[in-house]
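The values are calculated or read from the model by the stated rules, or taken from the named source; none is laboratory data. Just so we're clear, the structure is a prediction, and the values are computed from it rather than from any experiment. All Cβ positions, even for glycine, are placed from backbone atoms using ideal geometry, and neighbour counts span all protein chains on display.
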Amino acid sequence: MLKTPRRVAVTAAITVIASSALAAGVGAAAVPRGAVVHNGACVSGLSSRQLRRELMVTLQRDLQRRYRPAIRARVFRRLAAHPAVAYRLIERWSPARFHAITCGSANRRPRHATTPGPVSLTSVQTGTAAGPAGIPGTWRLAWSDDFSGPALDTSKWSTGWFGSGVTPPVNSQEQDCYDPSQVNTAGGNLNLTAIAKPQTVNGRSFPYTSGIVTTMGKFTFTHGAVEARINLSGTNGKVDNWPAFWADGTGTWPMTGELDVMEGLGGYAAYHFHSLSGGPGADVSGNYTGWHTYAADWQPGVVTYYYDGHEVGQITTGITSNPMYLILNDAVGGQGGQAVAPSTMQVDYVRVWQ
């Protein structure tokens, strides 16, 4: 088969990368693991999967500075298949970033520049079992939880992040760990409560303890509408802490995508979609403290976001089609708003339609 110019460019890029890796001394390099030493650098207490995730973000950014979009994605896939080479290249290209990640002070993903949302909402709509609020179409309810039972339905939800019991945070910039004791249901609501309770997990100390639930290994969906009615605490109209309602791809991040329906960033409610193409999205103007409804309509090649039944934005870049699982968490610190504890993120319901 004759090589196309793009194939030649990719081959050339891989050759350059391989040369750089060899110059960096790549051999049988070990994949970083939690609580070990890698090349003389301290490594955080994050799981190996969390470390891989953060390191892949850095690799993606390094490649963005070096290669055109048409080549970048294919180069990334080749390197993702050889993590030992990829990690050494990150250490060579971005030594400060590599050290920050392995010492547990880096972000799960970069904070992306955002712009105000396109609307300022004046009315509130809430979805029903017949369909999500404000999203046109005929829908079939595929999965739901209204948290009406005396305890969390563990056939639907787990209470840790890549583990059971007390687990490290999703993002290493968080100041909290996740403890199942901070998750409960009462009055028909799910409650995720952040408190000022220091704990040490995998050798790292956290000043706060909070709650998280995920459907990992219990429920996934591909395309459709997802919606939750959530009560966020706030100060002077700004969202406290770093709460989030999102879905994550079941494969390697970011190749399999991440759909952020609502994330409290710097006091604002924001939406994003993360993939190999980046993480476009926006803050949405308005006061999102108190009870509000957050939804996303995920279709092939496009995700449209709805807050309180009103469309607030749409993303058409890098939309993946891999199965995703749901996550709700109430993080503290990092890229969130004012740290407040005790503070409770309440959820009335979560629904998925197709």
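Observations, loosely collected:
- Close pairs from the stretch 192-220: first under 11 Å from residue 326 (Cα atoms) and modelled with pLDDT of 95 or more, partner among the small types (Gly, Ala, Ser) and in a strand (DSSP E or B), Cβ under 6 Å, at least 6 apart: 214/158
- Members of the stretch 128-160 found to be aliphatic (A, V, I, L, M), exposed (fewer than 11 other Cβ atoms within 10 Å of the Cβ) and in the same structural domain as residue 307 (by TED's automatic domain parsing), listed by number: 151
- The residue pairs whose first member lies in the stretch 291-312 and is without any contact (Cβ under 8 Å) to a residue 24 or more places away in the chain, whose second member is of a type outside the set (Val, Ile, Thr) and surrounded by fewer than 19 Cβ atoms within 10 Å (Cβ to Cβ), and whose beta carbons are closer than 8 Å, counting only pairs six or more residues apart or on different chains, are 302/314.
- Residue match in the stretch 311-319 (condition: hydrophobic (A, V, I, L, M, F, W, C) and closer than 20 Å to residue 252 by Cα): yes
- Which listed residue is in contact with a helix residue (DSSP H, G or I) (Cβ under 7 Å, 6 or more places away or on another chain) and among the small types (Gly, Ala, Ser), from 181, 205, 210: 210
- Residue 187 meets each of the listed conditions (1) under 19 Å from residue 344 (Cβ atoms); (2) touching a residue at least 12 places away in the same chain (Cβ under 8 Å) apart from (2).
So that you can scan it fast, the table gives a plain yes or no per residue for (1) aliphatic (A, V, I, L, M); (2) within 17 Å of residue 238 (Cβ to Cβ); (3) surrounded by 23 or more Cβ atoms within 10 Å (Cβ to Cβ); (4) more than 19 Å from the chain's Cα centre (by Cα):
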| position | (1), (2), (3), (4) |
| --- | --- |
| 268 | no, yes, no, no |
| 286 | no, yes, no, yes |
| 306 | no, no, yes, no |
| 313 | no, no, no, no |
| 335 | no, yes, no, no |
| 338 | no, yes, no, yes |
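- Some residue of the stretch 204-213 being under 24 Å from residue 133 (Cβ atoms) and in contact with a strand residue (DSSP E or B) (Cβ under 7 Å, 6 or more places away or on another chain): yes
- All strands (runs of 3 or more DSSP E) inside the stretch 238-349 with 3 or more residues being charged (D, E, K, R) and at pLDDT 95 or above: 258-265
- Which numbered condition residue 275 fails, given (1) hydroxyl-bearing (Ser, Thr, Tyr); (2) surrounded by fewer than 19 Cβ atoms within 10 Å (Cβ to Cβ); (3) touching a Pro at 6+ places or on another chain (Cβ under 6 Å): (2)
- Restricting 185, 209 to those that are over 24 Å from residue 148 (Cα atoms), outside any loop (DSSP other than H, G, I, E, B) and of a type in the set (Val, Ile, Thr) reduces the list to 209.
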